[in-house]
Amino acid sequence: MSNESLANLLREERRFAPPADLAANANVTAEAYERAKADRLGFWAEQARRLTWAAEPTETLDWSNPPFAKWFADGKLNVAYNCVDRHVENGLGDRVAIHFEGEPGDTRSVTYAELQREVSKAAHALTELGVRTGDRVAIYLPMIPETVVAMLACARIGAPHSVVFGGFSADALATRIEDADARVVITADGGYRRGKPSALKPAVDEALTRPGTENVRNVLVVRRTGQEVAWAEGRDVWWHELVDRQPEQHTPEAFDAEHPLFILYTSGTTGKPKGILHTTGGYLTQVSYTHHAVFDLKPESDVYWCTADVGWVTGHSYIVYGPLSNGATQVLYEGTPDTPHQGRWWEIVQKYGVTILYTAPTAIRACMKWGDDIPAKFDLSSLRILGSVGEPINPEAWVWYRKHIGADKTPVVDTWWQTETGGMMISPLPGVTETKPGSAQIPLPGISATVVDDDANEVPDGSGGYLVLTEPWPSMLRTIWGDDQRYLDTYWSRFANRYFAGDGAKKDDDGDIWLLGRVDDVMLVSGHNISTTEVESALVSHPKVAEAAVVGATDPQTTQAICAFVILRGGAAEEDGLVEELRAHVSKHLGPIAKPKRILPVAELPKTRSGKIMRRLLRDVAENRTLGDVTTLTDSSVMELIQSKLPSAA
Ligand code: WT7
């Protein structure tokens, strides 16, 4: 990072103390940091006791063959039992586990007792289809209760699942089925998106024509939309025909703590997707603990809502495994935030009295763009904690979130983690931390992270470098499925004995951590490293800009030139002089070196389905290249729109 741009973000001086009542009743207090520091492994051994084990572990960490970790290796447990049955046994069977809200407005509440019956039946159904412990099952479903049931049923019988996001194409699905060598695919006829049924089954049919998918014996199909489906006799089975007739009781078997729980492919903006492998005991310990600590969950009174799709790790860890292991009541919403109107999310918060909301910066910025008046129409007073995840949150979006959604009273917790880390790693604690807009701040108790320079030296406070994790953690990935070498190369070879996260970061004068985006999102301009995130933040702090994406385009004079794509707020007109005004604004905020060479107002930005801006494509545009692979975009027509805006001389 250049010193000028570093200094700038460090200039963020707004501070928000935890509300007194929250601090006084917090699940986790400052003492946890001390305890974990004094005895890190003892701390995690204690957290493991949050779970119910069939055989209590006596070992905590086995790091004798780094970086291949074993946590709680001699313990045995069943994940589905921990997420469902034990709550029923504790007399909580009538508690609602899931308030399902379909996009068309249909609703369903599923209690823990009902969930236990559904998971049990689904486990028997998979067994009837010949699924055995260790077999992989691919899940390609919309956001419906059966998705949660399917994942838990797999966990219950020890069959690792590979959930593939329902927005992915047949190609992406086929690659993932092949890589994991899945034996069964669970899908639906379709789901509802943007006000209409959106088919899923045809993509499965197509994927299964591809070489490498021959080992799939059966396709289990949930009927959600009622749309027509092609049927392969002998292969395809309706969920309601097979699952509904199964016994409601099922005895969960205890598996080793290191038994594989799931494979999840990282969204892969570049290269072949990596199958991230997570296992049982350590994973469940960390997602359960972090969900309890970071959201201060009070299961008897809170209504929790994570807006992520279950096809991403956020959905795995903070819709399914974390919340359910903690006996939470949560909302599961099928659709998009603006169907049938831009207040849909806020209507849901009001309807269910949501107390904890967990979402992504991209969604927050979309809501900012739609206007403050939309959330203002709803009663959001039930909210008490707001979370953010997925990318750096600009201070402006953070403050907007707190002010317009959280009535300027709720803590905002910016949680940094990755598919690979399995659970949250760096985040404020809502009852402890004085928060700073835009910063994830400090590693959670029991987590060791720091920022290093190119030579692996820890940087002093006030400087930037690379984020690394310095000690193994319970929910860490165990390897890349079928590719130990790639696991070593990707994460453990950049620095000796340090996990390389691939994110740029810096420490401020208090030692708090600020995430600066992927290191490949750092531009080199006339010898200065400038982070795309900082220029984006500066642009978004201008009242006329709703969203910005910045890339470095090859430039003969300056190595790279900063090129910005901006969406104007509330459809603000693209007046004369605005581009100049924005360039001057960035210059004033970050220094002249960070002034974008070009700024292009656009209507939309290209995003992956997990909401990450695909800078690679914008770089193609900025450098006048033919576009690379667009298959992981939510909407590929966005790129045509952007290209049509380019001055032909560019
Ligand atoms: C990458 C991981 C973690 C679940 C969703 C994404 C970025 C994530 C933050 C945050 C800054 C963040 C990082 C990270 N990221 N959370 N709070 N602040 N950046 O999972 O798809 O595996 O992506 O998302 O760049 O490396 P993922």
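The values are calculated or read from the model by the stated rules, or taken from the named source; none is laboratory data. In this text, all values refer to a predicted model and were calculated from it rather than measured experimentally. Cβ coordinates were reconstructed from backbone atoms using ideal geometry, including for glycine residues, and neighbour counts include every protein chain displayed.
Some values worked out for this structure:
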read-out	value
Of all residues making up region 180-228, the number that are surrounded by fewer than 17 Cβ atoms within 10 Å (Cβ to Cβ), assigned to a helix (DSSP H, G or I) and among the charged types (D, E, K, R)	1
Yes/no for residue 349 being more than 22 Å from residue 608 (Cβ to Cβ), among the β-branched types (Val, Ile, Thr) and assigned to a loop (DSSP other than H, G, I, E, B)	no
Residue satisfying all of: in region 277-293; assigned to a helix (DSSP H, G or I) and either among the β-branched types (Val, Ile, Thr) or in contact with a strand residue (DSSP E or B) (Cβ under 7 Å, 6 or more places away or on another chain) (or both); surrounded by the most Cβ atoms within 10 Å (Cβ to Cβ) among these	282
Residues located in region 290-304, provided they are away from the ligand (no atom under 16 Å from the Cβ) and within 17 Å of the chain's Cα centre (by Cα)	304
Tally of residues being within 12 Å of the ligand (Cβ to nearest atom) and part of a loop (DSSP other than H, G, I, E, B) across region 422-452	9
Residue that is away from the ligand (no atom under 16 Å from the Cβ) and within 30 Å of residue 194 (Cβ to Cβ), where the choices are 590, 568, 582	568
Identity of the residue in region 229-243, exposed (fewer than 15 other Cβ atoms within 10 Å of the Cβ) and in contact with a helix residue (DSSP H, G or I) (Cβ under 8 Å, 6 or more places away or on another chain), that ends up nearest to residue 184 (Cα to Cα)	232
Candidate set from region 370-421 (those that are of a type in the set (Phe, Trp, Tyr) and part of a loop (DSSP other than H, G, I, E, B)); member that is surrounded by the most Cβ atoms within 10 Å (Cβ to Cβ)	417
Qualifying residue in region 616-630 (condition: crowded, with 18+ Cβ neighbours inside 10 Å, out of contact with any Gly (no Cβ under 8 Å at 6 or more places or on another chain) and in a strand (DSSP E or B))	no
Contacts under 6 angstrom Cβ, first residue in region 411-438 being touching a residue at least 12 places away in the same chain (Cβ under 8 Å) and under 12 Å from residue 385 (Cα atoms), partner near the ligand (Cβ under 9 Å from one of its atoms) and assigned to a loop (DSSP other than H, G, I, E, B), 6 or more apart	413/427; 414/393; 414/440
Selected residue [more than 16 Å from the ligand (Cβ to nearest atom) and over 30 Å from residue 23 (Cα atoms)] from 266, 329, 279, 285	279
Qualifying residues in region 355-389 (those that are among the small types (Gly, Ala, Ser) and either more than 16 Å from the ligand (Cβ to nearest atom) or farther than 20 Å from residue 545 by Cβ (or both)) - the one modelled with the lowest pLDDT	366
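Conditions (1) part of a strand (DSSP E or B); (2) modelled with pLDDT of 95 or more; (3) of a type in the set (A, V, I, L, M), marked per residue:
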residue	(1), (2), (3)
462	no, no, no
466	yes, no, no
471	no, yes, no
475	no, yes, no
489	no, no, no
